[in-house]
Amino acid sequence: MNQTYSPKETDAILVTDIQIDFLPGGALPVKDGDKIIPVLNQYINQFAKAKAQIIASRDWHPTNHISFQAQGGPWPPHCVRGTEGAKFSPKLKLPEQTVVISKATDPKLEAYSVFDGTNLSDELHKRGVRRIFIGGLATDYCIVNTVLDALKLNFETIVLMDATLGINVHPGDVDRAIETMLKNGAKQATTTDFPLPEDALPTETAKPDQLEQKPTLRSATKKKARMRSRGVNKQVRTERKG
Ligand code: VGL
Ligand code: ZN
């Protein structure tokens with residue numbers, strides 16, 4: 001049987017690096033990277049309804065970052081802080097309360113993990129987070145390194161398998177990254193391991209007594225509106241007639 005995860009307040013969803021440069025057409029595109037955005041949006045919506053913490057990371061390099069080819073690194077320039085390519089995709093729907101974490105900001109240091117050189121751990125502890133669900137880009141860099149750090153810090157760590165994609169510079173990199181995460185204690189989940197979106201509504205709105213009250217409230221509002229538009233006397237006459 002599938003384990004069902006119900007998001008709660010002590011959970012966090014960490015959405016990694018959904019930035020223009022990592023998407024098709026960008027400076028360092030992940031193939032089909034845009035396809036996971038609607039899936040992420042659906043998870044984000046579900047986690048927001050459950051009042052879980054929403055965290056979004058971004059690769060946020062200075063122009064002379066060590067990971068760029070001009071500095072002897074492996075990558076073309078990408079996600080240079082303040083540029084168009086470093087922006088989150090406009091298709092990603094991040095709620096207002098999202099905590100944004102910028103990473104790999106030191107020119108001299110590569111940092112794939114969102115924990116590396118950031119205040120992510122403090123943010124999570126401050127909010128009482130125990131479980132981290134992670135999705136985004138790229139499985140074989142940011143995600144595997146972040147997941148291994150999360151496990152070391154004793155967070156229960158779940159990879160959202162239908163909302164992550166990798167680069168695969170060497171064929172098999174993504175498969176190896178997944179194997180490494182699982183071997184170190186990460187769990188994996190997909191959309192089907194979560195309650196259907198309509199079941200995930202806050203419990204108050206689903207209480208039968210409140211649903212029964214709804215028609216009453218609605219007719220009371222209508223009555224008031226009629227009284228306002230027609231005047232009290234007319235309203236009284238209408239009611240006598242009825
Ligand atoms: C990443 C490649 C280059 C990542 C960052 O965070 O996944 N990958 N820079
Ligand atoms: Zn980078």
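No value in this document is a laboratory result; all are computed from the given coordinates. Predicted, not measured: the structure shown is a model, and the values here were computed from it. A quick note on method: Cβ atoms are made from the backbone with ideal geometry, for glycine too, and the neighbour counts reach across all protein chains shown.
Brief remarks on what is shown
- Centroid-to-centroid separation of the range 102-142 and the range 64-90 [C-alpha atoms, Å]: 17 Å
- Straightening the chain between Glu179 and Glu110 buys 22.5 nm, computed as 0.36 nm per residue apart minus the Cα-Cα spacing.
- Of Lys91/Lys187; Lys91/Lys126; Lys35/Lys87; Lys93/Lys152, pairs whose Cα-Cα distance is over 25 Å: Lys91/Lys187; Lys91/Lys126; Lys93/Lys152
- Distant-in-sequence amide contacts of Val129, defined by a placed amide H-H separation under 5 Å and a gap of 5 or more residues or a different chain, comprise nothing.
- Neighbourhood net charge (13 Å Cβ-Cβ; Lys/Arg +1, Asp/Glu -1) for Ala177: -2
- Label-zone membership for the range 71-115, site Lys35, 7 angstrom Cα→C-beta point, backbone N under 14 Å: none
- Short-range pairs are left out: with C-alpha atoms under 8 Å and at least six residues apart, the relative contact order of the range 73-188 is 20 percent.
- Kirkwood Rh and Cα Rg combined as Rg/Rh, the range 1-109: 1.04
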